[in-house]
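Trainee: Next up is a structure, given as structure tokens.
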Amino acid sequence: QVQLVESGGGVVPAGDSLRLSCKYSDFSFNTHVMGWFRQPPGKEREFVASSAGTGNRVNYADSLRDRFTIYRDFYQRIVELEMNSLKPEDTAVYYCAAGAGRTLDSEASVSSWGQGTQVTVSS
């Protein structure tokens with residue numbers, strides 16, 4: 001089974017930046033859509049960003065596209081999420097996700113999940 005391992009979470013003050021990384025264990029996932037979801041405390045998990053396996057197509061949650069950027073390295077098998085100008089409402093567990101379909105904007109489209117990494121933004 002392909003593993004997704006996240007790293008890079010932590011506690012940062014509001015306004016700071018943070019970069020999350022997710023390494024996937026199998027080159028077969030280079031053809032998958034890879035991305036990130038997050039689950040704020042007491043709320044449902046929500047889509048953050050995704051990167052297609054082909055065509056360099058990326059997608060973002062509308063409310064986050066101005067501050068978050070997704071990067072992907074197919075050789076290193078890494079997908080990263082750079083988060084800038086962080087706000088307390090960005091506090092959440094961030095999950096790396098993979099899907100075999102064309103999009104990854106809902107939980108139904110996810111076939112594999114990472115274990116999650118906590119991001120806490122202090123005010």
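Trainee: Is it fair to say residue 104 is more than 20 Å from residue 7 (Cα to Cα) and within 14 Å of the chain's Cα centre (by Cα)?
Mentor: On the way: more than 20 Å from residue 7 (Cα to Cα): yes; within 14 Å of the chain's Cα centre (by Cα): yes.
Answer is yes for this residue.
Trainee: Okay, next question. Are any residues in region 106-123 touching a Gly at 6+ places or on another chain (Cβ under 8 Å) and either open to solvent by 80 Å² or more (accessible area, probe 1.4 Å) or free of Cβ contacts under 8 Å to residues at least 40 places away in the same chain (or both), and if so, which ones?
Mentor: 118
Trainee: Quick one: how many residues across region 20-43 are in a loop (DSSP other than H, G, I, E, B) and in contact with a helix residue (DSSP H, G or I) (Cβ under 9 Å, 6 or more places away or on another chain)? So that I can check it myself, show each step before the final result.
Mentor: Step one: filter region 20-43 for residues in a loop (DSSP other than H, G, I, E, B), giving 25-26, 32, 40-43.
Okay, now just the ones that are also in contact with a helix residue (DSSP H, G or I) (Cβ under 9 Å, 6 or more places away or on another chain), so 40.
Adding up the residues that qualify gives 1.
Trainee: Which one is farthest from residue 48 (Cα to Cα), of the residues in region 60-77 that are among the aromatic types (Phe, Trp, Tyr) and open to solvent by 80 Å² or more (accessible area, probe 1.4 Å)?
Mentor: Among them, the one singled out is 75.
Trainee: Run residue 97 past the list (1) farther than 16 Å from residue 5 by Cα; (2) open to solvent by less than 30 Å² (accessible area, probe 1.4 Å) and report the number of the one that doesn't hold.
Mentor: Condition (1) is where residue 97 drops out.
The values are calculated or read from the model by the stated rules, or taken from the named source; none is laboratory data. All values reported here derive from a predicted model rather than from experimental measurement. Glycine also receives a Cβ, built like all others from the backbone with ideal geometry; neighbour counts cover every protein chain displayed. Please note that ligands, DNA and RNA were not included when accessible areas were found on the heavy atoms of the full protein model with its side chains. Shrake-Rupley method; radii C 1.70, N 1.55, O 1.52, S 1.80 Å.
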